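In what follows, a single structure is set out as structure tokens and then discussed.
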Amino acid sequence: MLYQFHEFQRTLLNPLAAWAHATAKSLTNPLVPFTSTPAATRLAASYELLYRLGKHYEKTSFDIQSVRINGRDVHVAEQTELQKPFCNLLRFKRFTDDIETVHLLKRSPTVLVCAPLSGHHATLLRETVRTLLQDHKVYITDWADARMVPPEEGAFHLADYISYIQEFIRRIGAENVHVVAVCQSTVPVLAAISMMASAGEPTPRTMTMMGGPIDARKSPTAVNSLAMEQPFEWFEKNVIHTVPASFPGHGRRVYPGFLQHAGFVAMNPDRHAKSHYDYYASLVSGDAEDAEAHVRFYDEYNAVLDMAAEYYLETIRDVFQEFRLATGTWVIRGEPVRPQDIKGAALLTIEGELDDICGLGQTAAAHDLCTGIPETRKSHIEAEKCGHYGIFSGRRWRETIYPQVRDFIRTHG
């Protein structure tokens, strides 16, 4: 009933949010004399904040129209390379009529960005993709909201996630692709490539693992502690709900996005409260740039998706409670996961010094597991003063981390 109650509450809030937004706009209309007074400015800011707190957030678009390459603006078109029930493989195709730049684009390495399936949409990696496009051909996994997938499409297990990654790598061409896995995706991506290596298949040229729980036992965070403190049955009974009748996935069992979002906010309530107050202050002072930055971040941060119950519960058990990848006990559909069988790929791991979601050492643990990769083909980055999201977005990503990722791909490409 919790999901149904949430949808009922959202239905009630929608008119209030719309009214608050309309009122805020009317209080800033220059044709109305009252709007020039300080009281009107504060009232408008208050109503705009109320609107932002009460509105429903939908998935945003990548909206990458162009990138700067070789001193020119190169057009970017988003294409669906492969469509599957629970994920689309997207490609960002670059176009230009400059011959020199065309040759440069053709020589660019190919990167598959494996977005996490942990609550947010793949568009959270918009800046990651935009930055990579400067020097690479880029694909990304765009995971579906489970409530939008009809039940007749069947269940979605953690093993299916791994199969999807393998299919995408084969589709692009393992011999030519460089895989970049972010956050949660690092575990199934490493498993997928390990199993391809064990089967004698070609593997990607490089693997870049960014802020992921390869071994969640190391430097456990609040996220890890919750998973370890509660028994598996607790998650099954308390966080799994049924999609209501208003969605295509009606009847599907899911871990709802709104619960995941509540968990995100509960981790840093003071930070979010301050951020909303700062947004109000920016509106009052007329600082449009800061206000717009707040809107862009929360439009993405507040847009969440549901995860299939079987996938979520298996992730809790296999990754955060039994640590099957790290302990060498993971078996997928009868086949063991053996990272030590990977020999041809190079490995780069990236961690943030201040990451409060994935603690230091969790991602670097991949080096101990991938014993078949020579040390000369391994590298690690610990980004100073960098939190979880700063690893793949923001100034430190663009100016410090990305150049090292780019050079690593070039070196081992």
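Matching residues to (1) more than 25 Å from GLU229 (Cα to Cα); (2) not charged (D, E, K, R):
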position: GLY263; (1), (2): no, yes
position: LYS274; (1), (2): yes, no
position: GLU300; (1), (2): yes, no
position: ALA303; (1), (2): yes, yes
position: ARG317; (1), (2): no, no
position: ILE332; (1), (2): yes, yes
position: GLY361; (1), (2): no, yes
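I'm checking my understanding of the structure. Among residues of the range 3-47 that are of a type outside the set (Ser, Thr, Tyr) and touching a Pro at 6+ places or on another chain (Cβ under 8 Å), which one is farthest from VAL284 (Cα to Cα)?
Here is the first cut: in the range 3-47, the ones of a type outside the set (Ser, Thr, Tyr) are 4-10, 12-22, 24-25, 27, 29-34, 38-40, 42-45.
Add one more test, that the residue is touching a Pro at 6+ places or on another chain (Cβ under 8 Å), and what stays is 4, 6-7.
On the way: GLN4: 37, HIS6: 32, GLU7: 33 Å.
Within the range 3-47, the match that is farthest from VAL284 (Cα to Cα) is GLN4.
Filter the range 80-137 for residues that are among the β-branched types (Val, Ile, Thr) and touching a residue at least 40 places away in the same chain (Cβ under 8 Å); which is nearest to GLU58 (Cα to Cα)?
Pass one, the range 80-137, residues among the β-branched types (Val, Ile, Thr): 80, 96, 99, 101-102, 110-111, 113, 123, 128-129, 131.
Next, from what is left, pick out any that are touching a residue at least 40 places away in the same chain (Cβ under 8 Å): 110-111, 113, 123, 128-129, 131.
Numbers: THR110: 30, VAL111: 27, VAL113: 22, THR123: 11, THR128: 20, VAL129: 20, THR131: 24 Å.
Only one residue fits best here, namely THR123.
Among the residues making up the range 203-222, those that are touching a helix residue (DSSP H, G or I) at 6+ places or on another chain (Cβ under 7 Å) and either among the polar types (S, T, N, Q) or in a strand (DSSP E or B) (or both) are THR203, THR206, MET207, THR208, MET209, MET210. List the number of the failed condition for SER225; all other conditions in (1) surrounded by 14 or more Cβ atoms within 10 Å (Cβ to Cβ); (2) assigned to a helix (DSSP H, G or I); (3) modelled with pLDDT under 90 hold. For SER225, the failing item is (1). Just so you know, in the range 1-43 the residues that are under 28 Å from ILE240 (Cβ atoms) and among the hydroxyl-bearing types (Ser, Thr, Tyr) include one that is surrounded by the fewest Cβ atoms within 10 Å (Cβ to Cβ), and it is THR11. Scanning the range 317-367 for residues that are small (Gly, Ala, Ser), in a loop (DSSP other than H, G, I, E, B) and in contact with a Cys (Cβ under 9 Å, 6 or more places away or on another chain) turns up just one, ALA345. Look at the range 27-41: where a residue is modelled with pLDDT of 70 or more and a partner is hydroxyl-bearing (Ser, Thr, Tyr) and assigned to a helix (DSSP H, G or I), sitting 6+ places away or on another chain with Cβ atoms under 6 Å, you get LEU27/THR35; THR28/THR35; ASN29/THR35. The single residue among ARG72, ARG52, ARG68 that is touching a residue at least 24 places away in the same chain (Cβ under 8 Å), over 25 Å from SER185 (Cβ atoms) and surrounded by fewer than 14 Cβ atoms within 10 Å (Cβ to Cβ) turns out to be ARG68.
In the range 231-272, the qualifying residues are those that are within 25 Å of the chain's Cα centre (by Cα), of a type in the set (S, T, N, Q) and outside any helix (DSSP H, G or I), and the one that is farthest from ARG52 (Cα to Cα) is THR242. Cβ-Cβ distances below 7 Å connect the following pairs, each with a first residue in the range 372-389 that is farther than 13 Å from TYR402 by Cα and of a type in the set (Lys, Arg), a second residue that is at pLDDT 95 or above and in a helix (DSSP H, G or I), and a separation of six or more residues or different chains: LYS378/HIS367. Which one of SER282, SER275 is part of a helix (DSSP H, G or I), free of Cβ contacts under 8 Å to residues at least 60 places away in the same chain, within 23 Å of GLY390 (Cβ to Cβ) and more than 24 Å from the chain's Cα centre (by Cα)? Going through SER282, SER275 in turn, the sole match is SER282.
For ILE140, the criteria (1) surrounded by fewer than 16 Cβ atoms within 10 Å (Cβ to Cβ); (2) in contact (Cβ under 8 Å) with a residue 12 or more places away in the chain hold in every case but one, which is (1). THR96 versus (1) surrounded by 11 or more Cβ atoms within 10 Å (Cβ to Cβ); (2) out of contact with any helix residue (DSSP H, G or I) (no Cβ under 7 Å at 6 or more places or on another chain); (3) modelled with pLDDT under 95; (4) not hydrophobic (A, V, I, L, M, F, W, C): which is the lone unmet condition? In the conditions (1) surrounded by 11 or more Cβ atoms within 10 Å (Cβ to Cβ); (2) out of contact with any helix residue (DSSP H, G or I) (no Cβ under 7 Å at 6 or more places or on another chain); (3) modelled with pLDDT under 95; (4) not hydrophobic (A, V, I, L, M, F, W, C), THR96 misses (2) alone.
To keep it simple, each residue is scored yes or no on (1) surrounded by fewer than 18 Cβ atoms within 10 Å (Cβ to Cβ); (2) small (Gly, Ala, Ser); (3) modelled with pLDDT of 95 or more.
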| site | (1), (2), (3) |
| --- | --- |
| VAL295 | yes, no, no |
| LEU325 | no, no, yes |
| ASP356 | yes, no, no |
| GLY359 | no, yes, no |
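Can you tell me which residues in the range 301-310 are within 16 Å of the chain's Cα centre (by Cα) and either buried (at least 19 other Cβ atoms within 10 Å of the Cβ) or outside any helix (DSSP H, G or I) (or both)? Across the range 301-310, the qualifying residues are ASN302, ALA303, VAL304, LEU305, ASP306, MET307.
So is GLU375 among the acidic types (Asp, Glu) and surrounded by 13 or more Cβ atoms within 10 Å (Cβ to Cβ) or not? No.
Selection of the range 93-137 for residues being charged (D, E, K, R) and farther than 22 Å from GLY211 by Cβ yields LYS93, ARG94, ASP97, ASP98, GLU100, LYS106, ARG107, LYS137.
The values are calculated or read from the model by the stated rules, or taken from the named source; none is laboratory data. Everything numeric in this text was worked out from a predicted model, so none of it was measured. Neighbour counts are summed over all protein chains in view; Cβ atoms, including those assigned to glycine, are modelled from backbone coordinates with ideal geometry.
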